[in-house]
Each structure stands twice: as C-alpha cells, then as structure tokens.
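Following: one structure in structure tokens, then a few remarks.
FYI, it's all coordinate maths here, none of it is from the lab. All of these numbers come straight from a predicted model, not from anything done at the bench. Cβ atoms come from the backbone with ideal geometry, glycine included; neighbour counts cover every protein chain shown.
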Amino acid sequence: MFLPNDTPSILIIPFVLIETLGFLIRPISLGVRLVANLAAGRLLLALGSGFVYFLFSNDSFLLQISSILPFFLLIVFTYLEFAVSFIQAYVFSLLSISYINDSLHLH
C-alpha cells in the first residue's frame, strides 16, 4: 500500500515512513488551510469595521466625513470575503474528494 513496485530493499523503511506520514498529515493540512483562510478574512473584516466605527463615532465632523471611503472599502472587502469563502469551499471539496479517492484506490 505504501510502497511503489520494484523498490530496493534499502528504501523500504523510509518509503513506508514517508507515505504513512503523508497520509496522516493530509487531513491536518486541509483543516489548517481552511481555518487560516477563513480566520484571515474574519480578522480583516473585524479590523476594518473597528476602524470605520472609530472614525464615525468621533465627534469631529472631518473624521466622520473621512469614514465614507473606508466604509465603502469595507463593503468591497465583505464581497471579497464571500468570494473567498466560496473558493475555499470548492477547494476543500476537491481536496477532500482527491484524498478519499487516493485512500480507496491505492497506487
């Protein structure tokens, strides 16, 4: 299962160890990739909305007017986050299917 055909006997142990490690790390890397991308988008939206709230809640009229551009950028980032989440769902599905296919149909 973890060994290609016609493998020299000296390479059997390293091949089995590397392939086993690879099969164990695949689901972990898939989860880490998904969580990191979603957390980065959420952090971007949280920081942007905090910045817009700070500008808008200030007593200065000039700061309130200057919050218009960051507000529209926040809307653009929200749409971008939706697009990234759909792409992440697609990539997660494709990689999950690929990993399941590899585990069912060996070499």
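With respect to the chain, whose longest principal axis is taken over its alpha-carbon atoms, helix 68-104 is tilted by about 10°. Based on the Cβ-Cβ distance from VAL32 to ILE68, what FRET efficiency comes out when R0 is 35 Å, to the nearest 0.05? About 0.40, to the nearest 0.05.
Axis of helix 12-56 versus longest Cα principal axis of the chain: the two differ by about 0°, to the nearest ten degrees. Calculated mean residue ellipticity, 222 nm, the chain: -29500 deg cm²/dmol, from DSSP H runs (n ≥ 4) at -39500 (n - 2.57) each, averaged per residue and rounded to 500. Defining a contact as two alpha carbons under 8 Å apart and six or more residues distant in sequence, what relative contact order in percent does the chain show? Dividing the mean separation by the residue count of the chain yields 29 percent.
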